[in-house]
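For reference, the structure discussed in these notes is given below.
The values are calculated or read from the model by the stated rules, or taken from the named source; none is laboratory data. Just so it is clear, the model here is predicted, and its values are computed rather than measured. Cβ placement follows ideal geometry from the backbone for every residue including glycine, while neighbour counts extend to all protein chains displayed. Heavy atoms of the whole protein, side chains included, go into the accessibility calculation; ligands, DNA and RNA do not. Shrake-Rupley method; radii C 1.70, N 1.55, O 1.52, S 1.80 Å.
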Amino acid sequence: MFLRQIGMTPKGIVPVLRQLADGGFQGTALGDLGYRGERLAKAGEALGITVEAIARGRDGRFVPAGICWVVERSFAWLSCYRRLNTIFERTKEHLVAFVEIAFISILSRRLNRLVANELRA
């Protein structure tokens, strides 16, 4: 999980880490260099989540870094869905449902292209 992409500041991340741990998340949460610090590391460790700060840019240029690139690419795909560009849903469940619908649409189009290419070959 990439923390900055979900809109979390370093100060507001501890409640989010608690919510993730309550939901069963265990593993590494990636963030930019604003997520460094012993206090945050200890809070994450107590919940079974490793908070890892990674540098993602050099000289003002974006440098893709492993899994962060996958997350940012996924957010770029979602930005093509106008309804998701401004969040105006009444509940988080509605928002999650529309994100799921968008990804189903994205994956079904990609699968359709893959099958069409296989049939042509």
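Placing R0 at 30 angstrom, the Cβ-Cβ distance between LEU107 and LYS42 gives a FRET efficiency of 0.20 after rounding to 0.05. Net length available on complete extension from LEU114 to THR86 is 7.0 nm, with 0.36 nm assigned per residue and the Cα-Cα distance removed. Among the protein heavy atoms, those of THR86 account for about 90 Å² of accessible surface (1.4 Å probe, every chain in place). Between VAL71 and ILE54, full extension at 0.36 nm per residue minus the direct alpha carbon distance yields a gain of 4.7 nm.
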